[in-house]
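Notes for the one structure printed next.
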Amino acid sequence: MYAAIQAIKKLERQHRLVFLTDGEQTVNELHRPPLAKVANTVQGLIVGVGGLKPVPLPKLDQENRMLGYWQRNEVKRVDRQPPTNEAAMTQEDRIFRSLLHEAELKQLAGTLGLSYHRLATVERFSEALRSVDMADRRVVETDVRWLLALSALLLIVAAHPMFPI
């Protein structure tokens with residue numbers, strides 16, 4: 001999140017940040033970057049994805065074919081749980097499971113001055129993206145001379161029919 005905000009701040013134009021996450025990689029206070037430095041510097045939205053119950057994460061190949069599920073030892077993450085005895089784990093225990101860490105994401109959004117939205121439906125997500133907070137009015141030059149020329153041509157044709165009745 002910190003790196004995304006830093007990158008947006010370097011862009012010429014003002015952009016909005018939309019960050020989709022389950023919050024699994026939310027770091028603890030010891031490893032957290034200096035968020036106070038980037039708080040309230042960009043506008044945007046943190047979107048919480050996933051459910052409140054842990055579910056296995058599917059592992060996909062480049063063509064989106066399922067290869068199985070991510071295993072705990074394959075996922076680089078900040079441990080929220082104490083280490084477990086790998087030898088005593090069953091195959092089911094070795095599967096990495098993810099869930100939405102909504103409280104942490106809401107707190108992070110508040111700290112950074114961003115809005116929080118939980119992804120529930122496409123319609124609600126679309127509304128959140130089109131909200132006033134995400135809008136950015138800009139004046140852009142548009143060449144409309146072709147519309148005026150086409151309108152004039154249509155008026156001439158309508159006023160002077162080629163085949164009188």
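Side notes on the structure shown:
- Extreme residue, nearest to residue 51 (Cα to Cα), among residues of the range 117-140 that are in a helix (DSSP H, G or I) and touching a Leu at 6+ places or on another chain (Cβ under 9 Å): 125
- Some residue of the range 22-38 being surrounded by 12 or more Cβ atoms within 10 Å (Cβ to Cβ), within 18 Å of the chain's Cα centre (by Cα), modelled with pLDDT of 85 or more and of a type in the set (Val, Ile, Thr): no
- Criterion violated by residue 158 - all others in (1) modelled with pLDDT of 90 or more; (2) small (Gly, Ala, Ser); (3) part of a helix (DSSP H, G or I) satisfied: (1)
- Any chance residue 133 is out of contact with any helix residue (DSSP H, G or I) (no Cβ under 7 Å at 6 or more places or on another chain), at pLDDT below 90, surrounded by 10 or more Cβ atoms within 10 Å (Cβ to Cβ) and under 19 Å from residue 19 (Cβ atoms): yes
- Pick from the range 120-163, criterion of a type in the set (Phe, Trp, Tyr) and without any contact (Cβ under 8 Å) to a residue 12 or more places away in the chain, ranking: nearest to residue 44 (Cα to Cα): 146
- Filter pass, residue 143 being modelled with pLDDT of 90 or more, exposed (fewer than 10 other Cβ atoms within 10 Å of the Cβ) and in a loop (DSSP other than H, G, I, E, B): yes
- Checking each residue in the range 92-115 for being more than 26 Å from residue 75 (Cα to Cα) and either among the hydrophobic types (A, V, I, L, M, F, W, C) or assigned to a strand (DSSP E or B) (or both) picks out 112, 114, 115.
- Selection status of residue 92, at pLDDT below 90 and of a type in the set (Asp, Glu): yes
- Among the residues here, residue 122 qualifies as exposed (fewer than 10 other Cβ atoms within 10 Å of the Cβ), of a type in the set (A, V, I, L, M) and at pLDDT 90 or above.
- As a summary of the residue check, residue 75 satisfies the conditions (1) over 14 Å from the mean Cα position of the chain (by Cα); (2) modelled with pLDDT of 85 or more; (3) more than 19 Å from residue 8 (Cα to Cα) except for the one numbered (2).
The values are calculated or read from the model by the stated rules, or taken from the named source; none is laboratory data. Given the structure is predicted, the values throughout are model-derived calculations rather than measurements. Cβ coordinates were reconstructed from backbone atoms using ideal geometry, including for glycine residues, and neighbour counts include every protein chain displayed.
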